[in-house]
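Values quoted throughout were computed directly from the atomic coordinates according to the rules given, and no laboratory measurement underlies them. Everything quoted here is computed from the prediction, not taken from an experiment. Here the Cβ is made from the backbone with ideal geometry for all residues, glycine too, and neighbour counts use every protein chain on show.
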Amino acid sequence: MKHPTDMNPATSSTVLSAQGLVKRFGGITATDNVSLDLKKGARHALIGPNGAGKTTLINLLTGVLEPSAGRIILEGQDITDLAPHQRVKRGMVRTFQINQLFDTLTPLETLALTVSQHQGLGAKWWQALGGSKAVTQRCEQLLEQFHLTAVMNQKTNVLAYGKRRLLEIAIALACEPRVLLLDEPVAGVPAGEREELLQTVAALPADVSVLLIEHDMDLVFSFANRMTVLVNGTVLTEGDPDQIANDPQVKAVYLGHGEEEVQFSDEPPQGELVPSGGSAAHAVASVGAMSHA
Ligand SMILES: Nc1ncnc2c1ncn2[C@@H]1O[C@H](COP(=O)(O)OP(=O)(O)O)[C@@H](O)[C@H]1O
Ligand SMILES: [Mg+2]
């Protein structure tokens with residue numbers, strides 16, 4: 001498996017840049033002067049306690065919310081004033097929950113629809129399926145990559161929850177993103193279905209830059225090579241996983257929030273990005289153990 005573990009954040013190029021973003025809701029400042037650079041090929045996790053402003057930041061990046069101040073730069077171009085669909089066209093895609101339309105389709109139909117739309121062939125999956133070899137081939141690839149081939153002809157509303165989440169990521173990838181925003185991909189997925197999802201997320205194409213919001217520290221520490229910690233709308237710190245796991249400020253935040261939704265595992269996370277000997281993994285696991293004590 002290819003992983004950009006040796007990526008040097010100082011020298012690799014920035015794909016997506018948040019610059020001094022502010023978002024106020026009345027008297028609440030949900031995003032308070034946040035700057036963040038997503039590097040090309042990065043596996044970048046955004047973590048922080050409940051109410052830290054993670055969702056608001058993603059909504060600002062995708063254009064769902066308009067910032068009170070600050071700019072967003074995608075591949076060198078200012079996209080702050082673009083509508084969400086225009087940002088998708090420019091290569092920044094967020095996973096979204098399967099809506100009711102897709103619920104009544106099968107994974108094959110859903111992907112055919114998305115792929116044919118992306119390839120400019122119109123939005124009729126039955127035409128796409130019958131008519132275009134390119135669409136059919138891309139659908140087959142995506143079904144395979146996301147472990148959906150066996151269920152490709154079942155209606156999405158009867159799929160296991162983990163398969164639905166896989167389909168959500170497959171839909172996003174069908175838009176051929178250069179930047180992928182993953183919003184809690186394993187949230188609510190039963191234990192028995194998690195491993196397949198974790199493996200699939202880990203195997204995302206190396207050239208797609210990924211920003212992951214996640215509470216599950218196993219996933220965060222097995223996936224990320226860069227982390228930004230948000231607290232109260234501001235960036236507390238940013239660093240590689242080892243730095244974050246050993247940062248006294250980060251530990252203090254999580255120790256101070258013993259009943260947070262952030263889940264620390266008792267087992268050291270498995271993953272090639274976690275230093276063996278477990279400095280990062282064990283630091284976090286022990287913080288978790290303490291916070292639950
Ligand atoms: N639409 C909104 N109106 C008012 N306050 C909001 C709105 N969205 C978020 N907030 C507030 O902004 C802060 C950050 O929320 P959020 O971005 O959802 O945090 P997180 O995703 O890290 O849990 C919270 O205090 C939340 O109550
Ligand atoms: Mg949130």
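Restricting to region 80-120, name every residue that is in contact with a Lys or Arg (Cβ under 7 Å, 6 or more places away or on another chain) and not in a loop (DSSP other than H, G, I, E, B).
Once the filter is applied, which keeps residues that are in contact with a Lys or Arg (Cβ under 7 Å, 6 or more places away or on another chain) and not in a loop (DSSP other than H, G, I, E, B), region 80-120 yields only Val115.
Somewhere in region 19-33, is a residue under 19 Å from Ala224 (Cα atoms), among the aliphatic types (A, V, I, L, M) and either more than 12 Å from ligand 1 (Cβ to nearest atom) or crowded, with 17+ Cβ neighbours inside 10 Å (or both)? Give the steps one after another, and end with the answer.
Narrowing region 19-33 to residues under 19 Å from Ala224 (Cα atoms): none.
Among the residues of region 19-33, not one is under 19 Å from Ala224 (Cα atoms), among the aliphatic types (A, V, I, L, M) and either more than 12 Å from ligand 1 (Cβ to nearest atom) or crowded, with 17+ Cβ neighbours inside 10 Å (or both), which makes the answer no.
I'd like to know if region 212-225 contains one or more residues that are closer than 26 Å to Gly20 by Cβ and over 12 Å from the mean Cα position of the chain (by Cα).
The answer is yes, given that some residue of region 212-225 is closer than 26 Å to Gly20 by Cβ and over 12 Å from the mean Cα position of the chain (by Cα).
What is the residue count in region 182-236 for residues that are within 14 Å of ligand 2 (Cβ to nearest atom), of a type in the set (A, V, I, L, M) and either over 17 Å from Thr55 (Cα atoms) or surrounded by fewer than 19 Cβ atoms within 10 Å (Cβ to Cβ) (or both)?
Of the residues in region 182-236, 1 are within 14 Å of ligand 2 (Cβ to nearest atom), of a type in the set (A, V, I, L, M) and either over 17 Å from Thr55 (Cα atoms) or surrounded by fewer than 19 Cβ atoms within 10 Å (Cβ to Cβ) (or both).
Look through region 140-176, keep the residues that are free of Cβ contacts under 8 Å to residues at least 40 places away in the same chain and surrounded by fewer than 19 Cβ atoms within 10 Å (Cβ to Cβ), and return whichever of them is nearest to the chain's Cα centre (by Cα).
Of everything passing the filter in region 140-176, Tyr161 is nearest to the chain's Cα centre (by Cα).
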